[in-house]
1. Do the conditions hold for residue 158, that is, is it outside any strand (DSSP E or B) and modelled with pLDDT of 95 or more?
2. Tally time: how many residues in the range 168-184 are outside any loop (DSSP other than H, G, I, E, B) and under 20 Å from residue 245 (Cα atoms)?
3. Would it be correct to say that residue 274 is farther than 23 Å from residue 113 by Cα and in contact with a His (Cβ under 8 Å, 6 or more places away or on another chain)?
4. How about the range 185-290: which helices (runs of 4 or more DSSP H) wholly inside it have at least 1 residues that are among the acidic types (Asp, Glu), free of Cβ contacts under 8 Å to residues at least 40 places away in the same chain and away from the ligand (no atom under 15 Å from the Cβ)?
5. So how many residues does the range 166-195 have that are among the small types (Gly, Ala, Ser) and farther than 19 Å from residue 249 by Cβ?
6. Search the range 111-130 for residues being more than 17 Å from the chain's Cα centre (by Cα) and in a helix (DSSP H, G or I), and hand back the single one that is farthest from the ligand (Cβ to nearest atom).
7. Looking only at the range 1-16, filter to residues that are more than 19 Å from residue 58 (Cα to Cα) and in a strand (DSSP E or B); which one of those is farthest from the ligand (Cβ to nearest atom)?
8. For residue 102, work out the one condition from (1) within 16 Å of the ligand (Cβ to nearest atom); (2) out of contact with any strand residue (DSSP E or B) (no Cβ under 8 Å at 6 or more places or on another chain); (3) more than 26 Å from residue 237 (Cα to Cα) it doesn't fulfil.
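The values are calculated or read from the model by the stated rules, or taken from the named source; none is laboratory data. Computed from a predicted structure; not experimentally measured. Don't worry about glycine lacking a Cβ; one is built from the backbone with ideal geometry, like all the others, and counts go over all protein chains shown.
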Amino acid sequence: MVNKAVVACAGLGTRMLPATKVLPKELITIVDTPALQYILQELVESGITEIEIVISPQKEIIRRYLTPDAELEEILISQGRQEEIASLKRILQSAEINFVYQREPLGSAHAIYEARKFVGREPFVVCLGDDLTCSDVPVAKQLIDLFDKKGGAVVGAKEILTDEITSYGVIDALRSGDETVCRKIVEKPSLWQLPSRLASIGRYVFTEEFFFSYERADFVGRERGIPDVINLLSNKPVYVCKILGQRYDVGSKFGLAQAVVEYACRHRQIGKQFNEYLSKFAGESKFAGN
Ligand code: G1P
C-alpha cells in the first residue's frame, strides 16, 4: 500500500518565460484550475493521503494557494457560490499537504532527497510538477497497482514515436515474464542512441532505496537527475508501467497549449461551446504563421 507522495515543484521554469518570471509554472491555469491542482487530484484519487510538495523559496505562492482561505469561503457561501472552490477544498480535506524547500536548483533527484524525512521508510509516489495526466484510472494508481503486485520500483512510461522523444528519459527495457523491466534510463538521447521508444513521463514509485542510491551516486555536473538515481537501484527490479491515458508537459509551450485546448473541450461548463468553436476555428484557420 502506498500512502505518501512527493511532488517536485521547485524547478525554475525557464522554458515558460516570461510567464514564469513571477508565476510558478505549476500554478499556470488550465482553463480555470492550476496545473498542480490536477496532479493533487490524481494523487488523492489514487488513495494518497499524505503529500509533500518541494518548492523553492521563490514559490511560496504555491503554499498560499493550498492554504484554506476562510474569508473567501465566507463570501462564496453568502453568495451561494461554494461550488467554485469545492474541488480544491475536497483535495485539502482528503490529504495532508506539507511543504519542504529546495534552496538551490540542483535537479529533481535532489528535490526528492529533500523530502526524505517526510517519506521515512515508506514507499512513495513521485510526481514531477509539470507533467499532467488525464485517464480513466488515475495514472498514479496505475503505478501503485503495479508496485503492490511486484514491489521494486516503478517508472511510468509512454511510447513516443516522434522526434520529441529526445527531450525525455528513454528506457532501455527488457521483457521479463508478463512485465517490462527498466535496465537503464538514457536521459535525453540523440535519435541514433534511442534504446527504445518508451519515454519516462514524470511519475514514479520508489522505496527508501532511492535515498541510499542518491547518496552513492556520482552525479556529473550540478544537475542531479532522477534517472541517475534509478540507474543505481540494484536491490530489486525497476518495473515499467506503460500508462493508459493522456499526458501533457505543461512546462513547455506546446504541451501547455495542448492541455488548455483538450481540457477546455472536456470542461463541464464550457466543453460543448468550446468544441463548436474549435471545429469552426479549425475549418477557417489557415494555420502556421497566418
Ligand atoms: C524530467 C526527467 C526525464 C523525464 C521527464 C518527463 O526531465 O529527467 O527523464 O522523461 O522529466 O517530463 P525534464 O522535463 O525535467 O527535462
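1. Values: outside any strand (DSSP E or B): no; modelled with pLDDT of 95 or more: yes.
No.
2. Of the residues in the range 168-184, the ones outside any loop (DSSP other than H, G, I, E, B) are 169-176, 179-184.
Checking which are under 20 Å from residue 245 (Cα atoms) leaves us with 169-171, 179-180.
Qualifying residue count for the region: 5.
3. On the way: farther than 23 Å from residue 113 by Cα: yes; in contact with a His (Cβ under 8 Å, 6 or more places away or on another chain): yes.
The answer is yes for residue 274.
4. Details: elements: 209-216, 226-230, 253-266, 271-284.
By residue number, 209-216, 271-284.
5. Keep residues of the range 166-195 that are among the small types (Gly, Ala, Ser), which gives 167, 169, 173, 176-177, 190.
This time we only want the ones that are farther than 19 Å from residue 249 by Cβ, so: 173, 176-177, 190.
Number of matching residues: 4.
6. 117
7. Step one: of the range 1-16, the residues more than 19 Å from residue 58 (Cα to Cα) are 1-5.
Imposing the further condition that a residue be in a strand (DSSP E or B) reduces the set to 4-5.
Values: 4: 20, 5: 16 Å.
Restricting to residues being more than 19 Å from residue 58 (Cα to Cα) and in a strand (DSSP E or B), the top hit is 4.
8. (2) is the only condition that residue 102 fails.
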